[in-house]
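**Q** Sharing a structure, written as structure tokens. Questions coming.
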Amino acid sequence: MSSLVPPFLRQLAGDPLGLGRAAQSRRSEGLAPRTQTADKVVQSVCPYCAVGCGQKVYAKDGKVIQIEGDPDSPISRGRLCPKGAASEKLVNQPGRVTEVLYRRPCGTDWERISLEQATDMIADRLIRTRAETWEERTEDGQPLKRTLGMHILGGATLDSEENYLIKKFFCAAGALSIENQARI
Ligand code: SF4
């Protein structure tokens, strides 16, 4: 029914609660949801906190175009908090840093370095720190096999699989201080 017909009459014509076509304006009649143009939808989990709300990620031409709550999730039943609802911006916001930035000791500026170089630098430090701080035994000869020289603090954008691997890796390396701020 045309949007020129008064809303009350439009309600009487098959939309008694006024939540559908009766509530449409001339402008909203011509609008379509962003998700309509997606060529792929995948189920995912919000990366931000330990609640683990379900998300639907809409993609088009290989790019994320929208992220919404997943009604099929038994955890959140379609809901997302404001942070989770804005997670599309985690992917698409134009200020997102996509290169490794390094500020060397006493440096005043950030330098762009390659991911390979950054990975090597981290690996060198990790191996050296572990070797320098390794504790094989207690003073009375009991086995310790640990290092107190390195600590891991995970962030909320790590997913469950990444956290699983980080925990495994650093336990195997002998670290004791392994923590993540995304917990309830
Ligand atoms: S940040 Fe919000 S949407 Fe994401 S898992 Fe936590 S409560 Fe759910």
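**Q** Could you grab me the full set of residues in the stretch 144-157 that are out of contact with any strand residue (DSSP E or B) (no Cβ under 6 Å at 6 or more places or on another chain), assigned to a strand (DSSP E or B) and either loosely packed, with under 12 Cβ neighbours inside 10 Å or not small (Gly, Ala, Ser) (or both)? Full working, then the answer.
**A** Narrowing the stretch 144-157 to residues out of contact with any strand residue (DSSP E or B) (no Cβ under 6 Å at 6 or more places or on another chain): 145, 148-149, 155-157.
Keeping just the survivors that are assigned to a strand (DSSP E or B) gives 145, 148-149.
Result: Lys145, Leu148.
**Q** Just to be sure before I move on: is Ser44 open to solvent by less than 40 Å² (accessible area, probe 1.4 Å), in contact (Cβ under 8 Å) with a residue 12 or more places away in the chain, closer than 22 Å to Glu162 by Cα and of a type in the set (Ser, Thr, Tyr) in the structure I sent?
**A** Judged against the criteria, Ser44 is not a match.
**Q** Here is a further query. So if I check each of Cys49, Cys53, Cys81, which one is at pLDDT below 90 and within 30 Å of Glu161 (Cα to Cα)?
**A** Exactly one residue qualifies, and that residue is Cys49.
**Q** Quick test for you: out of Leu115, Leu90, pick the one residue that is of a type in the set (A, V, I, L, M), out of contact with any helix residue (DSSP H, G or I) (no Cβ under 8 Å at 6 or more places or on another chain) and surrounded by 10 or more Cβ atoms within 10 Å (Cβ to Cβ).
**A** Working: Leu115 fails: surrounded by 10 or more Cβ atoms within 10 Å (Cβ to Cβ).
One residue alone meets the criteria, Leu90.
**Q** Within the group Leu176, Leu101, which residue is among the aliphatic types (A, V, I, L, M) and open to solvent by 100 Å² or more (accessible area, probe 1.4 Å)?
**A** Leu176
**Q** Restricting attention to the stretch 53-64, does a residue exist that is hydrophobic (A, V, I, L, M, F, W, C) and exposed (fewer than 14 other Cβ atoms within 10 Å of the Cβ)?
**A** no
**Q** Give Ala50, Ala22, Ala32, Ala59 a once-over and let me know the one that is within 24 Å of Leu158 (Cα to Cα) and without any contact (Cβ under 8 Å) to a residue 24 or more places away in the chain.
**A** Ala59
**Q** While we're here: Let me spell it out: the conditions are (1) farther than 28 Å from Glu162 by Cα; (2) surrounded by 12 or more Cβ atoms within 10 Å (Cβ to Cβ); (3) modelled with pLDDT under 90, and Thr37 meets all of them except one. Which number is the exception?
**A** So Thr37 meets the others, but not (3).
**Q** Does the stretch 119-140 include one or more residues that are within 22 Å of the chain's Cα centre (by Cα) and of a type outside the set (Asp, Glu)?
**A** Scanning the stretch 119-140, I find at least one residue that is within 22 Å of the chain's Cα centre (by Cα) and of a type outside the set (Asp, Glu), so the answer is yes.
**Q** Among the listed residues Arg125, Arg130, identify the single one that is charged (D, E, K, R) and either in a strand (DSSP E or B) or touching a strand residue (DSSP E or B) at 6+ places or on another chain (Cβ under 8 Å) (or both).
**A** Of Arg125, Arg130, the one residue that is charged (D, E, K, R) and either in a strand (DSSP E or B) or touching a strand residue (DSSP E or B) at 6+ places or on another chain (Cβ under 8 Å) (or both) is Arg130.
**Q** Quick one: is Asp140 part of a loop (DSSP other than H, G, I, E, B) and either closer than 19 Å to Phe169 by Cβ or more than 16 Å from the ligand (Cβ to nearest atom) (or both)?
**A** yes
**Q** Within the stretch 1-34, take every residue that is surrounded by fewer than 14 Cβ atoms within 10 Å (Cβ to Cβ) and hydroxyl-bearing (Ser, Thr, Tyr) and give me the one that is modelled with the lowest pLDDT.
**A** Across the stretch 1-34, the extreme among qualifying residues is Ser2.
**Q** Are there any pairs with C-beta distances below 8 angstrom linking a residue in the stretch 68-95 that is free of Cβ contacts under 8 Å to residues at least 12 places away in the same chain to a residue that is among the small types (Gly, Ala, Ser) and open to solvent by 70 Å² or more (accessible area, probe 1.4 Å), with the two at least 6 apart or on different chains, and if so which?
**A** Pairs that qualify, where the first residue is free of Cβ contacts under 8 Å to residues at least 12 places away in the same chain and the partner is among the small types (Gly, Ala, Ser) and open to solvent by 70 Å² or more (accessible area, probe 1.4 Å): there are none.
The values are calculated or read from the model by the stated rules, or taken from the named source; none is laboratory data. Predicted, not measured: the structure shown is a model, and the values here were computed from it. Reconstructed Cβ throughout: ideal geometry from the backbone, glycine too, with neighbour counts over all protein chains shown. Just so you know, the surface numbers come from the protein's heavy atoms only, side chains and all, with ligands and any DNA or RNA stripped out. Shrake-Rupley method; radii C 1.70, N 1.55, O 1.52, S 1.80 Å.
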